[in-house]
Amino acid sequence: MSRTQRPRRSCLAVPGSNPKMIEKAKGLDSDQVFLDLEDACAPLAKPGARKTIVSALNEGGWGSKIRVVRVNDLTTHWTYRDVVEVVEGAGENLDCIMLPKVQSAAQIAWLDFTLTQIEKTMGFEVGRIGIEAQIEDAAGLINVDEIAAASPRTETIIFGPGDFMASINMKSLVIGEQPPGYGVGDAFHYPLMRILMAARANGLQAIDGPYVQVRNVEGFRRVAGQAAALGYDGKWVLHPAQIEAANDTFSPAQADYDHAENILAAYEWFTSDQGGRKGAVMLGDEMIDEASRKMALVIAGQGRTAGMERLNVWKPETETVESGV
């Protein structure tokens, strides 16, 4: 599995300054954990949190989780020490660095160059550590195409709704929820689609940001479902109660997964010599063709990434093929 195809249905945020929460996160069922040096870490706690994060990464126990550290944004004086201390200290046990509030491709280029320098200095594999770019304001959204193409290390583009809402003066105090008075529609549809297009054009994953009403799991499912319907790969989770909802929402239903795999199997059979070299055929009550195959690849890929197993397996009816039906 390539690194840009690793499952990120649930991306758990954990304060980098809280050893107890970090230890608990190791046993939770999220696909990814990111240890936060930015918003979840008080300014006076940041230097100590770097050391806590390095120790936690090197201690292990993360299983198959993607291990990410969110550093501070490049307008602050903390960022370079965040990157240097964390990567030098735990680079071999780190999968990605997340850069928040990205506004330009130059910021991603800086991080790429810095990571390369550290990897060469420390003798790490050059290019292995990925980048996650978080879009959180108007400038970042306007430049998201260039940001997404700025480095081969980049794996994901993330929508950060809280800072984005503040940056455009959106009239709401609930991060990730619709602003009061907006009426019919989705106030986040444009930035979500804009980020998704940039991500897909560059072969990257697209991740939705947090929903802060952590006890409102149904609200989380509703918002996550909207992002999943667009084609997003996952969503941030701020509380263990949101993890199962995220994993369910960004995995296909069993019936859909089985159907997608059956479309692929049937199309492969019918387009073969043995199956009659047909380009458009009936699968039950549904006509399938090359477009069907491409759509099925998406759903089947999601199911495979999530580790799903088929319960309904299509098999060709050879006597039907031989009769010409």
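The values are calculated or read from the model by the stated rules, or taken from the named source; none is laboratory data. Keep in mind the model is a prediction, meaning the values are calculated, not measured. For neighbour counting, all protein chains shown are included, and Cβ atoms are generated from backbone atoms with ideal geometry for every residue, glycine included. Please note that ligands, DNA and RNA were not included when accessible areas were found on the heavy atoms of the full protein model with its side chains. Shrake-Rupley method; radii C 1.70, N 1.55, O 1.52, S 1.80 Å.
Let me spell it out: the conditions are (1) crowded, with 20+ Cβ neighbours inside 10 Å; (2) part of a strand (DSSP E or B); (3) of a type outside the set (Lys, Arg), and residue 300 meets all of them except one. Which number is the exception?
(2)
How many of the residues in segment 203-224 are among the acidic types (Asp, Glu) and under 18 Å from the mean Cα position of the chain (by Cα)? Talk me through it step by step, then tell me what you get.
Step one: filter segment 203-224 for residues among the acidic types (Asp, Glu), giving 208, 218.
Filter once more, so that each one left must be under 18 Å from the mean Cα position of the chain (by Cα): 208.
Residues meeting the conditions: 1.
If you go through segment 220-258 one residue at a time, how many are surrounded by 18 or more Cβ atoms within 10 Å (Cβ to Cβ), in contact (Cβ under 8 Å) with a residue 40 or more places away in the chain and either in a helix (DSSP H, G or I) or touching a helix residue (DSSP H, G or I) at 6+ places or on another chain (Cβ under 6 Å) (or both)?
12
Read through the list (1) farther than 26 Å from residue 151 by Cα; (2) surrounded by fewer than 22 Cβ atoms within 10 Å (Cβ to Cβ), then give the number of the only condition that residue 64 fails.
(1)
In segment 116-133, which residue that is under 19 Å from the mean Cα position of the chain (by Cα) and free of Cβ contacts under 8 Å to residues at least 60 places away in the same chain is most open to solvent (accessible area, probe 1.4 Å)? Reasoning before the result, please.
Quick first cut of segment 116-133, residues under 19 Å from the mean Cα position of the chain (by Cα) only: 128-133.
After this cut, where a residue has to be free of Cβ contacts under 8 Å to residues at least 60 places away in the same chain as well, the list is 128-129, 131, 133.
Details: 128: 71, 129: 2, 131: 0, 133: 0 Å².
Here the residue is 128.
Among all residue pairs at least 6 apart or on different chains, which show Cβ distances below 6 Å where the first residue, located in segment 279-293, is assigned by the TED database to the domain that holds residue 262 and the second is assigned to a helix (DSSP H, G or I) and surrounded by 10 or more Cβ atoms within 10 Å (Cβ to Cβ)?
These pairs meet every condition: 281/270; 283/266; 288/263; 288/267; 292/263; 293/267.
Just checking, does segment 269-279 include any residue being crowded, with 22+ Cβ neighbours inside 10 Å and either out of contact with any Gly (no Cβ under 8 Å at 6 or more places or on another chain) or at pLDDT 95 or above (or both)?
The answer is no; no qualifying residue exists.
Within segment 22-45, can you find the residues that are touching a Gly at 6+ places or on another chain (Cβ under 8 Å) and open to solvent by less than 30 Å² (accessible area, probe 1.4 Å)?
22, 26, 31, 32, 35, 36, 37, 41
Tell me, which helices (runs of 4 or more DSSP H) wholly within segment 3-90 include 2 or more residues that are in contact (Cβ under 8 Å) with a residue 40 or more places away in the chain?
79-90
Go through segment 25-43 residue by residue and tally those that are closer than 16 Å to residue 54 by Cα and not hydrophobic (A, V, I, L, M, F, W, C).
Matching residues across segment 25-43 total 3.
Would you check if there is a residue in segment 6-16 being open to solvent by 40 Å² or more (accessible area, probe 1.4 Å) and out of contact with any helix residue (DSSP H, G or I) (no Cβ under 8 Å at 6 or more places or on another chain)?
Checked segment 6-16: no residue is open to solvent by 40 Å² or more (accessible area, probe 1.4 Å) and out of contact with any helix residue (DSSP H, G or I) (no Cβ under 8 Å at 6 or more places or on another chain).
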